[in-house]
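Asker: A single structure is presented below for examination.
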Protein chains: 2
Amino acid sequence: MNILHLIKVQRDQLSKAEAKVADEILAAPEEAMNMATAELASRAGVSDPMVSRFCRSVSCNSFPELKVQLAKALAHRASFISEAVSKGDTAHTVIEKRINSNQAALEYLRSHLDTQSIDAAVKAMSGARQIIIAGMGGAAAIAKDAQHKLFRLGIPTVAYDDHLMMRMAAAGASSKDCFLIFSVTGRTNAMIEIAELAKQSQVTLITITNPDSPLAKLADITITSGDELEDTTIYVPMTTRIIILTIIDIIATALALAQGPAAEAQLTKVKHSLDTTKRKASAERKTSKNSKP
Amino acid sequence: MNILHLIKVQRDQLSKAEAKVADEILAAPEEAMNMATAELASRAGVSDPMVSRFCRSVSCNSFPELKVQLAKALAHRASFISEAVSKGDTAHTVIEKRINSNQAALEYLRSHLDTQSIDAAVKAMSGARQIIIAGMGGAAAIAKDAQHKLFRLGIPTVAYDDHLMMRMAAAGASSKDCFLIFSVTGRTNAMIEIAELAKQSQVTLITITNPDSPLAKLADITITSGDELEDTTIYVPMTTRIIILTIIDIIATALALAQGPAAEAQLTKVKHSLDTTKRKASAERKTSKNSKP
DNA sequence: GTGTTAATGTTATTTAATTACAAGATAACA
DNA sequence: TGTTATCTTGTAATTAAATAACATTAACAC
């Protein structure tokens, strides 16, 4: 856990004066990093040694060490604020801003992804007879991607983006199956309908969606899609995509580990199946070099 | 530019004693960060003030400031090394490791993404009559995702994952169109064939692929897919996915900016078209609360 | 060889951070 | 309600760290 989170979490268990220091740092961590104890102390309205004591309370050995921890934490977080693109931006600026946003999104995921949900999802999927994935609209590509990643592990997996196919699949599923629904907002009527059908089939229902949504309420296991994070400006509807993809990545990786050697062998087999569709690297290079002069 | 790069670059222009300090820091930056001037000085075999002077030479006002800079630089770099998952990992460890890897991948992208290629791609796509996207296998989901993102901007866009459809589209394309090919390795024979067909149609060919591949050689504009980064261990075939997705994000964002108010209006229109498919947030909450007692 | 400049080390000073201690506040219990 | 114990905070003192000032040495030019 990074130092800013730690401070935030411990904030209420600190003494009054220490809490003042915590607030001062949380209010302007970037600035706090470049202050001396004396300055930070006076800003927080406490005595110098309080700052030292505060450092100890948040498990740093000294104030300079706290500064280093802050720097580490801020290196990731730096971009959370006001990284929305604007009209005059050059390509270079857009690149920087979007990469920053996406890194920040991952940082958010680090502190908000629930380990237990992941564990539960992996356990359910690991023992499933088949995994059925559903996603519409923007989530259709995600569903397809998840299917591509999971079937490689040797678990029968299908992905649907068609509402009628989803209905049939949901109705026909058994209690031995896992039904995986991707929906960023969790408010699409069509998807909620599918979830209700799936529940009637006694299937284990896992949703990657907004945890406050009606869809989430129907699920056995819910993992946050980061919808609450999404910037509402029309330019930036991308953050959740990265979050969901990383969640798939995490689940697939954990699943592969849970499956053990079997999955490993399966992955190798699937990988090698593509060998004959590829052009060889060395042969190609030689040809193109020789053909020029 | 981060402080480690700076030190590396300036290393040879420093005086003999300062160079010793530089070497000591570069050899073990993580440790150097936790040392006092005196210790670093003795390790480097120089006097204490040399360390202070060294800090000035690399544009830091003090040694503590250098430490902060080092912390910032290392925060990103830290995760590159040995973050591959292994058998005993808990869910929590997998989460941390995969997030670290993905953040590191974005960091890599920041320094390796070519601004000019992005600019060129945006310019070409901005003026295109239509955009045709092709991707097979793992790239099929990516292609679909890109289509979903680009058509919202008001540019006619289609995505294909079927080889025969791609052939027809490539053969039928005109010089006013953009043909976008996603292929991580750039060695899939089927995709190379499509690229050759597309070139014959005089279309502007943009590839997101390994820049050293045969596919890249055929393209008018190439953007790296990060294939060279991909961990060859079978557990981790995910990094490129994040990179490519972020590239799409960047291009779409830049494109939206380039289109100006027209794109903005279009985005709003498309967004509102979904309104009637969604369940209202407030209404739902009330219902579910009241229905319980 | 001597003067000049740049580079480094030694010593001194300043600054910053923490320890030690004392005073005050707060809570617990008689 | 008073008394004691504990916990919190500030003041003063100490220590440690970093830099400035100065001295020395080394390198080079003339």
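Asker: What is the gain in length, in nm to one decimal, between A:ALA258 and A:ARG53 on full extension, counting 0.36 nm per residue of separation less the C-alpha to C-alpha distance?
Answerer: Full extension from A:ALA258 to A:ARG53 adds 69.4 nm.
Asker: Measure off, as a whole percent, the carbon and sulfur share of the 1.4 Å-probe accessible area of region B:107-254, all protein chains present. Please report the intermediate quantities before stating the final value.
Answerer: Details: 2630 of 5060 Å².
C and S fraction of accessible area: 52 percent.
Asker: Which entries of A:LYS123/A:LYS199; B:LYS144/B:LYS176; B:LYS123/B:LYS217; B:LYS72/B:LYS144; A:LYS144/B:LYS72 show an alpha-carbon separation above 30 angstrom in the structure shown?
Answerer: Listed pairs above 30 Å: B:LYS72/B:LYS144; A:LYS144/B:LYS72.
Asker: If you don't mind, another one. Report, to the nearest whole %, how much of the accessible area of region B:3-77 belongs to carbon and sulfur atoms, 1.4 Å probe, protein only.
Answerer: Carbon-and-sulfur percentage of accessible area, whole number: 47.
Asker: Within a 10 angstrom radius of each residue's Cβ in A:36-46, how many Cβ atoms of other chains show up on average? Whole number is fine.
Answerer: Going residue by residue through A:36-46 and averaging, the value is 0.
Asker: Label region B:1-62 by shape, choosing from rounded, prolate and oblate, from the square roots a ≥ b ≥ c of the eigenvalues of the Cα gyration tensor; if a/c is under 1.5 it is rounded, and otherwise prolate applies when a/b is larger than b/c, oblate when it is not.
Answerer: Working: a/c = 1.43, a/b = 1.22, b/c = 1.17.
Since a/c stays below 1.5, the shape of region B:1-62 is classed as rounded.
Asker: Shielding by partners for B:101-112, please: the mean number of other protein chain Cβ atoms within 10 Å of each residue's Cβ.
Answerer: Per residue, the average neighbour count from other chains is 4.
Asker: Name the residues of region B:131-148, by number, that are at least 50 Å² less accessible with every protein chain in place than in the isolated chain; the surface is that of heavy atoms, probe 1.4 Å, without ligands or nucleic acids.
Answerer: Hits at the 50 Å² cut-off: B:ALA141, B:LYS144, B:ASP145, B:HIS148.
Asker: How much accessible area per residue does region B:3-77 have, counting only protein heavy atoms and a probe of 1.4 Å, in square angstrom?
Answerer: 50 Å²
Asker: Turning to a different aspect of this structure: At a probe radius of 1.4 Å, figure out the B/A buried accessible area, summed over both chains, and give it in Å² to the nearest 100.
Answerer: Numbers: alone 16620 and 16430 Å², together 25950 Å².
Separately minus together, B and A give about 7100 Å² buried.
Asker: Another question about this same structure. Which whole-number percent is the relative contact order of region B:82-177 (Cα, under 8 Å, 6+ apart)?
Answerer: 23 percent
Asker: Mind giving me the FRET efficiency for B:LYS8 and A:THR90? R0 is 35 Å, r the Cβ-Cβ distance, nearest 0.05 is fine. If you can, show how the numbers build up before the last one.
Answerer: Values: r = 27 Å, r/R0 = 0.78.
So the FRET efficiency works out to roughly 0.80.
Asker: Does region B:95-134 come out rounded, prolate or oblate by the C-alpha gyration tensor, with a ≥ b ≥ c the root eigenvalues, rounded set by a/c under 1.5 and, if not, prolate when a/b is larger than b/c and oblate if not?
Answerer: Here region B:95-134 falls in the oblate category.
Asker: Still on this structure, I have one more. Taking A:ASP48 in one copy and the same position in all the others, each labelled 7 Å out along Cα→Cβ, what are the pairwise distances from the first, in nm, shortest first?
Answerer: Ordered by increasing distance: 1.8 nm.
Asker: Continuing with this model, one more query. Per 5 Å bin from zero, what fraction in whole % of the C-alpha pairs of region A:136-213 is there, up to the bin with the longest pair?
Answerer: Computed distribution, short to long bins: 3, 17, 27, 28, 19, 6, 1.
Asker: Here's another thing I want to ask about it. Name the long-range amide H neighbours of A:ILE133: under 5 Å, sequence gap of 5 or more, or other chain; modelled H, no Pro or chain starts.
Answerer: Residues meeting the criterion, in which the H sits 1.01 Å from N, are A:VAL158, A:ALA159, A:TYR160, A:LEU180.
Asker: Once you have a ≥ b ≥ c as the square roots of the Cα gyration tensor eigenvalues for region A:121-173, tell me rounded if a/c is under 1.5, and otherwise prolate or oblate according to whether a/b is larger than b/c.
Answerer: Since a/c reaches 1.5 but b/c is at least a/b, the shape of region A:121-173 is classed as oblate.
The values are calculated or read from the model by the stated rules, or taken from the named source; none is laboratory data. Since the structure is predicted, the reported quantities are computational estimates derived from the model, not experimental observations. Methodologically, a virtual Cβ is constructed for each residue, glycine included, from the backbone with ideal geometry; neighbour enumeration extends over all protein chains shown. Just so you know, the surface numbers come from the protein's heavy atoms only, side chains and all, with ligands and any DNA or RNA stripped out. Shrake-Rupley method; radii C 1.70, N 1.55, O 1.52, S 1.80 Å.
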